[in-house]
Amino acid sequence: MTDNVYSEGLAIMKAGNGVYTVGVGPFDEYASAPDSGTAFYCNDFTLSDPNPWKIPARVFEIDSLDELGGENSELNLVWEELKTSGFASVFTEINEKITRGVIEKSVPVATERAKVLSGDPFSLIRKMAPLGSPFFTYGWSAKGKGFCGGTPELLFQLDGLALKTMALAGTAKFDEKEVFAVDGKEIREHEFVAQTLVAKLSDIGKVTRAERGIMDLGKLVHFYTPIEVELFAQHGIDILISKLHPTPALGTLPRNVETLRMLTEWRKSLDCPDYFGAPFGLLKDGVFRAVVAIRGVHWQEGEIAIPSGCGVIEASRLVNEWRELRLKREAVKGVFGL
């Protein structure tokens, strides 16, 4: 059972080297952002929750997850074999759509699962290794299910008329960094994301795109492009979330009703957790920050799941994408000591 003190729910967010902001339930739920105070934003990938704004009964800050108190529960897990067949089938479908010109890119997901024989998955929140910049640490637990992790991807930060976001796409092992820097396939994948974001944001503000760089995450590296926008006018947070989520890094290109429907069907066929890649955010002191909930663990009903996604474009090859997915899951397991 989840610790009694957090049985009504728990939310956590930390940016880089900052402090953890912790919200304790019960949570009041609302359809739109409050005018003041602290609120968490928690929704699934399809944004189906009519009341995604969660206002906690109590809020506090901590420097370490150890300060949450309680005892760490040792998990006894039995991992299931992750077979390639389902993913390979979806990969083939995506390639067929690309060849026909229906899409340029999509993001299938492979999920590794384990049965929980003993222990409480809630303890995974405490077991997260301390992650500083450039990671954002996030976590959510309520009604016997939850997720937590450390994501390098910011969906956007909004402070008045100043909006910050990023393109984060293209992945390699750290020891392949020099080859990665000139890899045409990885560069094209990244540019799909960066150029689409710039085009999408240009109609609401003055966009400044920085040069493409490489983000070092330890065992993995990614291409990374910071993007800043000086908005022409105020925009509601919910409108901006709908506009930016999902980015091409986790979504599809082009993005329209039909391609998003296909993406949703592919995710369902691969049994992807509902909250993987979804926006998770914190509104605090008038500043809103939403991250993309990747690089984490999900749990419910005696099972934990570690999903990973990869961008598939015309130049993608199944063996390379399957390897990238494994590398991403191994990085997550390292954070949790799994």
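A few comments on the model shown:
- Spin-label zone in the stretch 221-252 - amide nitrogen under 20 Å from a point set 7 Å from the Cα of Asp203 along the C-beta vector: 228-249, 251-252
- Residues with amide H under 5 Å from that of Ala293, placed H, sequence gap 5 or more: Gly277, Ala278, Phe280
- Phe174/Val78 FRET efficiency (R0 30 Å; Cβ-Cβ; nearest 0.05): 0.45
- Mean Kyte hydropathy of -0.5 or more with a Cα span along the axis of at least 20 Å, helices from DSSP in the chain: 85-99, 184-201, 318-336
- Given Lys127/Lys268; Lys54/Lys145; Lys54/Lys284; Lys97/Lys200; Lys97/Lys243; Lys177/Lys328, the pairs whose alpha carbons are separated by over 19 Å: Lys127/Lys268; Lys97/Lys200; Lys97/Lys243
- Rounded FRET efficiency, nearest 0.05, which uses the C-beta distance separating Asp66 from Leu161 and R0 of 51 Å: 0.85
- Dipole of the chain, positive direction: furthest Cα of Met166, Pro50, Ala31, with charges on the beta-carbon: Met166
- Residue-span extension gain [Glu314 to Asp35] - 0.36 nm each, minus C-alpha spacing: 95.9 nm
- Here is the list for the stretch 218-310: GluC sites (Glu not before Pro) lying in DSSP coil, each with at most 11 other C-beta atoms within 10 angstrom of its C-beta, are Glu301.
- Dipole magnitude of the stretch 84-229 about its Cα centre (Cβ charges: Lys, Arg +1; Asp, Glu -1), debye to nearest 20: 540 debye
- The chymotrypsin sites (Phe, Trp or Tyr not before Pro) of the stretch 102-199 include none that DSSP puts in a loop with a beta carbon having at most 13 other beta carbons within 10 Å.
- Simple point charges give the picture: +1 on the Cβ of Lys and Arg, -1 on the Cβ of Asp and Glu, and for the stretch 76-141 a dipole about the Cα centre of about 120 debye.
- Rounded, prolate or oblate (a/c below 1.5 giving rounded, otherwise prolate when a/b exceeds b/c) for the stretch 143-296 by Cα gyration tensor: rounded
- About its Cα centre, the dipole of the chain is roughly 600 debye, where the only charges are +1 on Lys and Arg Cβ and -1 on Asp and Glu Cβ.
- Ranking Gly281, His298, Trp266 by how far each Cα lies toward the positive end of the dipole of the stretch 246-338 (charges on Cβ) leaves Gly281 at the top.
- With at most 14 other Cβ atoms within 10 Å, longest stretch of the chain clear of loop trypsin sites (Lys or Arg not before Pro) (DSSP): 220-316
- For Lys115, the aspartates and glutamates whose Cα comes closer than 13 Å to its Cα, not counting residues fewer than 8 places off in the same chain, are Glu80, Glu81, Glu301, Glu303.
Values quoted throughout were computed directly from the atomic coordinates according to the rules given, and no laboratory measurement underlies them. Only a predicted model underlies this, so the values are computations on that prediction, with no experimental measurement involved. For neighbour counting, all protein chains shown are included, and Cβ atoms are generated from backbone atoms with ideal geometry for every residue, glycine included.
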